[in-house]
Ligand code: MRU
């Protein structure tokens, strides 16, 4: 039985989330009643991963609704919208963040009065979390069928339970395969500079009993040459309607190597990560983070003083390199232009 800690929870007017900056050394939680503290946690990547930051933003709005003392419905809605704007400015690439904020705000707008609106915000935030886990369980069921007993998989970043409310997206097929008695070996790309692969994916997979090897980002080529890799499964921060996949930096090079070496390359993502309003890479922002995060490794400077760095946090894999997209409604295959619209509107 796989038992992973909950990434984020709502507990009677408080939010409790794992501080992912401290893993794997320490499993510690941040507990807060302050929605602004959640905004900071998203910005500073104490919580990260597209579905998890969607849930975090929804819970931040729920905190606002729970603790706000505005006497009027209009005043409440205005404050809630302002909180939504602050939350939306934390990170630009994962569409789940904006999707979750819109969803919760619209639940509030539809309410008939103040008390109903407060209740609606909290209920909607809880629904965002619950549906995320349900989607991941289904992704696990569809994705597990792609895995044979004894397979070796490769993944990048952490699209695991820690990146969602539970079970993960790219890890969901792995966990479900494990539950069904299949043995799986996983290569986890370390994912410089935040090291989500080495710190987080290796942590949760090993806790779940999966045989996991941390591999450096620059070893994809030799691994594909020398080792048997049966399948690549990665997550997504945003999938456009044409099938462009924005995901953690290093995903695109992995897809190129996979294509050359005939390794099936799958993306696992809930339909909340599909952005039908975006067609291609020009329609959304790729986050660039502080160069210091590249120049320093775990607090120690690794490049000479005076040298700068360029840090794109995500890249974009074009649809022709994506074998299929595993969602809670099934696996979408090309042509994505047709099949993603269909799968999202199930
Ligand atoms: O910068 P991060 O750690 O938030 O990036 C996370 C990823 O790129 C994940 O692969 C993606 O969000 C999918 S999580 C299920």
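Every number in this text was worked out from the coordinates using simple rules, so none of it is lab data. Predicted model only: the values in this text are computed from it and were never measured. A quick note on method: Cβ atoms are made from the backbone with ideal geometry, for glycine too, and the neighbour counts reach across all protein chains shown.
The separation of the range 1-79 from the range 270-307, counted between C-alpha centres, amounts to 22 Å. When 297, 157 are arranged by Cβ crowding within 10 Å, least crowded first, meaning fewest neighbours, the order is 297, 157.
Short-range pairs are left out: with C-alpha atoms under 8 Å and at least six residues apart, the relative contact order of the range 229-346 is 34 percent. Largest mean-square fluctuation among 49, 197, 113, in a Gaussian network model of the chain whose springs join Cα atoms under 10 Å apart, belongs to 113. Relative contact order for the range 143-187: 50 percent, from Cα pairs under 8 Å spaced at least 6 residues apart, divided by residue count. Considering only alpha-carbon pairs that sit under 8 angstrom and 6 or more positions apart, the relative contact order computed for the chain is 16 percent.
Overall dimensions of the range 8-137, expressed as equivalent-ellipsoid semi-axes from the Cα gyration tensor (√(5λ), whole Å, largest first), are 24, 15, 14. Restricting attention to the chain, close to 50% of DSSP beta bridges with both partner residues there are antiparallel. Computed from Cα positions, the angle between helix 251-260 and the longest principal axis of the chain comes to roughly 30 degrees.
Within the listed set 12, 68, 132, the Gaussian network model of the chain (springs between alpha-carbon atoms below 10 Å) gives the highest mean-square fluctuation for 12. Residues 207, 199, 183 in ascending order of nearby Cβ atoms (within 10 Å, fewest first): 183, 207, 199. Once label points are set 7 Å from the Cα along Cα→Cβ at both residue 34 and residue 183, what is their separation, rounded to one decimal in nm? Output for this residue pair reads 5.1 nm. Ordered by the count of other Cβ atoms within 10 Å of each Cβ, fewest first, 275, 115, 34 give 115, 34, 275. Dividing the Cα radius of gyration of the range 87-171 by 2.2 N^0.38 Å, with N the residue count, gives 1.41. The long axis of helix 95-110 is offset from the longest Cα principal axis of the chain by roughly 20 degrees. Among 30, 326, 274, which one shows the highest mean-square fluctuation when the chain is modelled as a Gaussian network with alpha-carbon springs under 10 Å? Between 30, 326, 274, it is 30 that shows the largest mean-square fluctuation.
I'd like the orientation of helix 73-88 relative to the chain: the angle between its Cα long axis and the longest Cα principal axis, in ° from 0 to 90, rounded to 10. So the helix axis and the longest Cα principal axis differ by about 20 degrees. Shape descriptor for the chain: Rg over Rh equals 0.97 (Cα atoms; Rh from the Kirkwood inverse mean 1/r).
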